[in-house]
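> Sending over a structure as structure tokens; questions will come in a sec.
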Amino acid sequence: DPPLPRDVWLASTEVFLARGSAGSSDGLTLVAKGGHNGEHHNHNDVGSFLVAVDGVPVIVDAGRPTYTAATFGPDRYDIWTMQSAWHNVPVVRGRTQPAGRDATARGATAEIGDDASTFTADLAAAYPDAGLDHWRRRARLDRVAGRVEIDDAWRFADDAPTGDDTLLHLLVAGDVRLETGGARVIPEGGARPVRLRWPEDVAATAEVRHLDDPMLTEVWGGHLTRLALPLASRTQLQVTVELDTPIEDSP
């Protein structure tokens, strides 16, 4: 069996993991990464994060499709699974993350504690043409509250307000039901449902991506759902993930 340490921080690659307790996949697990977009087998995903419940991924990275000639050629980033628009990161002023080592996280750190463990990084350099002063992301597993918290705070160098072309994507596996101020997700594989929450005035939308590549359907089934959270007029956003009690059928 794998060792399942409670906390992992790989400083050289800026990969962070936090579980509820050592030796068990029960409850929520948070993974986040800094790094850069010039890594081996790279996806454009600086600052992305993942959440699993009872060992089953819920907020996910789609992974790799079947290898083709395009996978390792100049058309690599035409493949949707490699694009930052299909990872759990923002689109800033209509711009996604480019490939290359210069698209990087700055100041990535981890703070490990018994009550909570936290990853922080500035993602601004991963959007070199977006005019950001900073985009600070904090990803935190609060073990006392039993909650994952994703906090984004940003400012543009010209102090302009955030427009309609800035949004946050979340890629979700399982059955997704959008609600005011959040979503309820029933994961694959019998894991407990979770509830995602964000401010009620954020009018999120859902896009279903139907899958036909066997490398993806074997893991995720027939579809993934991409949530889009518009960020116009905002300078910060918090998204939380918590276990949710199943809603009983009425008699």
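> Within region 168-220, work out how many residues are part of a strand (DSSP E or B) and of a type in the set (Ser, Thr, Tyr).
1
> Okay, moving on. Pick from region 195-218 the residues that are among the hydrophobic types (A, V, I, L, M, F, W, C) and within 14 Å of Leu171 (Cα to Cα): which of them is nearest to the chain's Cα centre (by Cα)?
Filtering region 195-218 for residues that are among the hydrophobic types (A, V, I, L, M, F, W, C) and within 14 Å of Leu171 (Cα to Cα), the one nearest to the chain's Cα centre (by Cα) comes out as Leu196.
> I want to confirm something. Restricting to region 133-171 and keeping residues that are β-branched (Val, Ile, Thr) and more than 15 Å from the chain's Cα centre (by Cα), which single residue is surrounded by the most Cβ atoms within 10 Å (Cβ to Cβ)?
In this case the residue turns out to be Thr166.
> Looking at (1) modelled with pLDDT of 95 or more; (2) more than 27 Å from Ile186 (Cβ to Cβ); (3) in contact with a Ser or Thr (Cβ under 7 Å, 6 or more places away or on another chain), which one does His134 not meet, given that it meets all the others?
(3)
> Next question, about the same structure. Find all pairs meeting these conditions: Cβ atoms under 6 angstrom apart; at least six residues apart or on different chains; first residue within region 60-78 and within 18 Å of Asp45 (Cβ to Cβ); second residue part of a loop (DSSP other than H, G, I, E, B) and not polar (S, T, N, Q).
From residues that are within 18 Å of Asp45 (Cβ to Cβ), the pairs are Val60/Ala173; Pro65/Asp213; Tyr77/Ala99.
> Considering region 34-47 alone, what residues qualify as being in contact (Cβ under 8 Å) with a residue 40 or more places away in the chain and not hydrophobic (A, V, I, L, M, F, W, C)?
Scanning region 34-47 gives Gly34, Gly35, His36, Asn37, Gly38, Asn42, His43, Asn44, Asp45, Gly47.
> While we're here: Go through region 222-246 residue by residue and tally those that are in contact (Cβ under 8 Å) with a residue 40 or more places away in the chain and either touching a Leu at 6+ places or on another chain (Cβ under 9 Å) or of a type in the set (A, V, I, L, M) (or both).
Residues in region 222-246 being in contact (Cβ under 8 Å) with a residue 40 or more places away in the chain and either touching a Leu at 6+ places or on another chain (Cβ under 9 Å) or of a type in the set (A, V, I, L, M) (or both): 15 in total.
> Take the conditions outside any strand (DSSP E or B) and modelled with pLDDT of 95 or more and apply them to Ala145. Does it pass?
Criteria met by Ala145.
> Residues being part of a loop (DSSP other than H, G, I, E, B), of a type outside the set (Ser, Thr, Tyr) and more than 25 Å from Ala99 (Cβ to Cβ): count how many of those fall in region 1-47.
Matching residues across region 1-47 total 11.
> While we're looking at this one, here's another question. Among the residues in region 179-187, are any crowded, with 20+ Cβ neighbours inside 10 Å and closer than 20 Å to Gly63 by Cβ?
Yes, region 179-187 has at least one match.
The values are calculated or read from the model by the stated rules, or taken from the named source; none is laboratory data. Note that the coordinates shown come from a computational prediction; the quantities given were computed from them, not determined experimentally. Because the Cβ atoms are built from the backbone with ideal geometry, glycine has one as well, and the counts that use them run over all protein chains shown.
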